[in-house]
Amino acid sequence: MILLGVNIDHCATLRQARYRESGRACGGNVEPDPVTLAVEAERAGADGITVHLREDRRHIQERDVWRLRETIATRLNLEMACTPAMTEFALKLKPDSVCLVPENRREVTTEGGLDVVGSEDRVRAVVEAMRSGGIATSLFISPDEPQIELSALLKSPWIELHTGAYAEAYDSSQRQAQFDRLRRGAALAHQLGLVVNAGHGINYVNIAEVRTVPHLHELNIGHSIMARALFTGIEEAVRELKARMN
Ligand code: PXP
């Protein structure tokens, strides 16, 4: 059974488009509330809630993360940049896991995988700090051998394979090549003892193929669920995706 982590960042994107301050400063009518959404997603079967606290705070805010930590009943997965400030924040918050992602201020959402090979020392420092704080680390990486092998050497217990190149390959031969790359990456990671998650660009259509990648533990999905929820509500959106996943 593949688990579903629901990424609720874009609920906060919508809120921030209108409200920049907390509830009281805006007359108490700040909507939509990502914490309420998270609880409803859990009720529909989400196995975990994922948020990315970006350095530019463009969507999720620190107060959202603290409220989630107190409120949700499943697992809190904090996506974060590999920086001392975020490390300090995570050690105080104690999420169930952190997922280290690259951050580029101009991107609309996380675009590429983390270059573990090119930033080995920084990644090692965060993985070790998290381990000493009892927090599991996941590395969001492209499905390439050097990145996977180094992730295992750094003893990160999990990786999240970046499925963006696959999801955005609309030409069928390119898509097949990207799918094969994902399958090979998952097999290698599993062989090296890593727990294999995946995410980015997964939707209600490509899930039929993504779910056949071997050894998948959890998928982190955001945009497509939020888009569907506008029409069906979050509970139906989560239920439908879970049904298609398993
Ligand atoms: N996993 C990671 C590490 C992400 O940064 C994101 C958001 O870009 C996702 C999964 C979810 O991607 P999407 O919103 O395309 O489903």
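The values are calculated or read from the model by the stated rules, or taken from the named source; none is laboratory data. A quick note: this is a predicted structure, and the numbers were derived from the prediction, not measured. Positions of Cβ are backbone-derived with ideal geometry, glycine not excepted, and every protein chain shown enters the neighbour counts.
Take the residues in the stretch 132-163 that are more than 12 Å from the ligand (Cβ to nearest atom), β-branched (Val, Ile, Thr) and crowded, with 23+ Cβ neighbours inside 10 Å; name whichever of them is farthest from VAL98 (Cα to Cα).
So, considering only residues that are more than 12 Å from the ligand (Cβ to nearest atom), β-branched (Val, Ile, Thr) and crowded, with 23+ Cβ neighbours inside 10 Å, the one farthest from VAL98 (Cα to Cα) is ILE148.
Kindly establish whether GLU40 is modelled with pLDDT of 95 or more, of a type outside the set (Gly, Ala, Ser) and under 23 Å from ALA227 (Cβ atoms).
Working: modelled with pLDDT of 95 or more: yes; of a type outside the set (Gly, Ala, Ser): yes; under 23 Å from ALA227 (Cβ atoms): yes.
So GLU40 fits the description; yes.
Take the conditions modelled with pLDDT of 95 or more and either over 15 Å from the mean Cα position of the chain (by Cα) or within 18 Å of GLY222 (Cβ to Cβ) (or both) and apply them to ALA129. Does it pass? Steps first, answer last, please.
Values: modelled with pLDDT of 95 or more: yes; either over 15 Å from the mean Cα position of the chain (by Cα) or within 18 Å of GLY222 (Cβ to Cβ) (or both): yes.
Judged against the criteria, ALA129 is a match.
Could you check how many residues of the stretch 5-26 are outside any helix (DSSP H, G or I) and buried (at least 21 other Cβ atoms within 10 Å of the Cβ)? Even if it seems obvious, please write down each step before you answer.
First, pick out the residues of the stretch 5-26 that are outside any helix (DSSP H, G or I): 5-8, 19-23.
Filter again for buried (at least 21 other Cβ atoms within 10 Å of the Cβ), leaving 5-8.
Of the residues in the stretch 5-26, 4 are outside any helix (DSSP H, G or I) and buried (at least 21 other Cβ atoms within 10 Å of the Cβ).
State which residue pairs qualify: first residue among the hydroxyl-bearing types (Ser, Thr, Tyr) and inside the stretch 1-24, second residue in a helix (DSSP H, G or I) in any location, beta carbons under 6 Å apart, and separation of 6 or more residues or different chains.
If the second residue must be in a helix (DSSP H, G or I), the pairs left are TYR19/CYS26.
Touching a residue at least 60 places away in the same chain (Cβ under 8 Å) and buried (at least 16 other Cβ atoms within 10 Å of the Cβ), is that true of ASN203?
no
For TYR166, are the conditions met, namely being within 16 Å of the ligand (Cβ to nearest atom) and modelled with pLDDT under 95?
Taking the combined requirement at face value, the residue does not satisfy it.
Taking the options ILE159, ILE202, ILE225, name whichever one is part of a helix (DSSP H, G or I), at pLDDT 95 or above, out of contact with any Phe, Trp or Tyr (no Cβ under 6 Å at 6 or more places or on another chain) and of a type outside the set (D, E, K, R).
Values: ILE159 fails: part of a helix (DSSP H, G or I); ILE202 fails: part of a helix (DSSP H, G or I).
Unique residue meeting the criteria: ILE225.
This table checks each residue for (1) out of contact with any Asp or Glu (no Cβ under 8 Å at 6 or more places or on another chain); (2) among the acidic types (Asp, Glu); (3) farther than 24 Å from SER224 by Cβ; (4) within 16 Å of the ligand (Cβ to nearest atom).
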site: PRO34; (1), (2), (3), (4): no, no, no, yes
site: GLY45; (1), (2), (3), (4): yes, no, no, no
site: GLY48; (1), (2), (3), (4): no, no, no, yes
site: HIS52; (1), (2), (3), (4): no, no, no, yes
site: ILE60; (1), (2), (3), (4): no, no, no, yes
site: GLU70; (1), (2), (3), (4): yes, yes, yes, no
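Out of the residues in the stretch 27-51 meeting the condition of being in contact with a Lys or Arg (Cβ under 8 Å, 6 or more places away or on another chain) and part of a helix (DSSP H, G or I), tell me which one is surrounded by the fewest Cβ atoms within 10 Å (Cβ to Cβ).
Top of the filtered list is VAL35.
Considering every residue within the stretch 110-119, establish whether at least one is assigned to a loop (DSSP other than H, G, I, E, B), within 14 Å of the ligand (Cβ to nearest atom) and under 21 Å from GLU62 (Cβ atoms).
yes
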